[in-house]
1. In a shell of Cβ-Cβ distance under 14 Å around G79, excluding G79 itself, what net charge do Lys and Arg (+1) and Asp and Glu (-1) give?
2. Using a probe of 1.4 angstrom, how much of the accessible area of region 27-136 is carbon and sulfur, in percent?
3. What length, rounded to one decimal in nm, is gained on full extension from T51 through to T77, with 0.36 nm per residue of separation minus their alpha-carbon distance?
4. Taking 7 Å along the Cα-to-C-beta vector as the label spot, tell me the S152-T41 distance in nanometres, rounded to one decimal.
5. May I ask you to compute the full-extension gain from E179 to T90, defined as 0.36 nm times their residue separation minus their alpha-carbon distance, rounded to one decimal in nm?
6. Report the local net charge at A140: Lys and Arg +1, Asp and Glu -1, summed over other residues whose C-beta lies under 15 Å from its C-beta.
7. So what is the orientation-averaged projected area of region 32-87, using the convex hull of its C-alpha atoms, in nm²?
8. Among S126, T90, Q63, whose Cα projects farthest towards the positive end of the dipole of region 44-127, with charges put on the beta-carbon of Lys, Arg (+1) and Asp, Glu (-1)?
Amino acid sequence: MLNSKTYLRSASLLSLVLVIAALPLSAVAGIIFRVQQITPTGSILIPGPATFAVTAESDSGNQPVTGIDFTVDLSDTSGKGGLLTGGSNTLFTTGGFFASDFFPAGSGVYAEFSTNDPVGATVTSSPTQVATFTLGTTMAEVVPGTYTISLSSLLVLSGGNQVTSSQVPTQYTVAAVPEPGTLALAGLAAGGLGLTHLARRRSARRQAER
């Protein structure tokens with residue numbers, strides 16, 4: 001596995017980057033990006049998948065947005081926390097995750113996202129969903145534990161202006177599915193505790209009736 005990221009951009013995206021570099025900066029409202037786990041709501045049980053969303057919200061009033069770029073990064077680069085297996089663009093109809101930039105190809109520890117639309121959208125103080133992506137845990141390297149997903153290389157455009165932006169990462173937990181025998185023992189233990197509690201209540205009631 002390579003130690004450094006290799007960004008594979010299309011010719012159109014390269015042109016967009018060159019245009020962005022020439023744009024002036026302005027003091028417009030900032031955008032806060034958040035990574036949130038959608039499903040499952042708790043621990044991700046191996047080998048089940050999980051879906052995450054990237055949302056955007058303005059920190060000061062309504063903010064028109066015409067383009068967004070970012071990279072999704074997993075905290076563990078060895079695959080122990082799972083790998084990114086796919087994603088979709090939910091803000092605009094153009095762009096999205098670059099299949100060639102899921103590193104390694106097909107599934108990886110980071111993935112690049114880019115979308116733009118001249119008409120744009122308005123980001124308010126309420127979270128607006130920008131994209132969703134899937135984390136897989138079927139790989140042999142996956143190990144139970146707590147990991148982090150964050151965003152890097154954030155770039156937001158509003159017409160001819162670059163908008164300040166920040167990100168809030170999220171933690172997720174990967175857990176092993178309990179063995180059937182362990183579940184059975186847990187059930188017996190819970191049942192035994194219930195019977196003991198019931199017996200104590202009956203004994204106390206008999207003593208009170210005497």
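The values are calculated or read from the model by the stated rules, or taken from the named source; none is laboratory data. In this text, all values refer to a predicted model and were calculated from it rather than measured experimentally. So basically every Cβ, Gly included, is an ideal-geometry build from the backbone, and we count neighbours across all protein chains shown. The area values use the complete protein model at the heavy-atom level, side chains included, leaving out ligands, DNA and RNA. Shrake-Rupley method; radii C 1.70, N 1.55, O 1.52, S 1.80 Å.
1. Numbers: positive: K80; negative: D73, D76, E141.
With Lys, Arg at +1 and Asp, Glu at -1, the neighbours total -2.
2. Details: 2350 of 4220 Å².
So the carbon and sulfur contribution to the accessible surface is 56 percent.
3. Details: separation 26, 0.36 × 26 = 9.36 nm, distance 1.89 nm.
My answer for the length gained is 7.5 nm.
4. For the pair S152/T41, the computed spacing is 3.4 nm.
5. Values: separation 89, 0.36 × 89 = 32.04 nm, distance 3.80 nm.
In short, 28.2 nm is gained.
6. Details: positive: K80; negative: D76, E141.
Residues near A140 contribute -1 overall.
7. On the way: hull surface 21.1 nm².
Across all orientations, region 32-87 yields a mean hull projection of 5.3 nm².
8. T90
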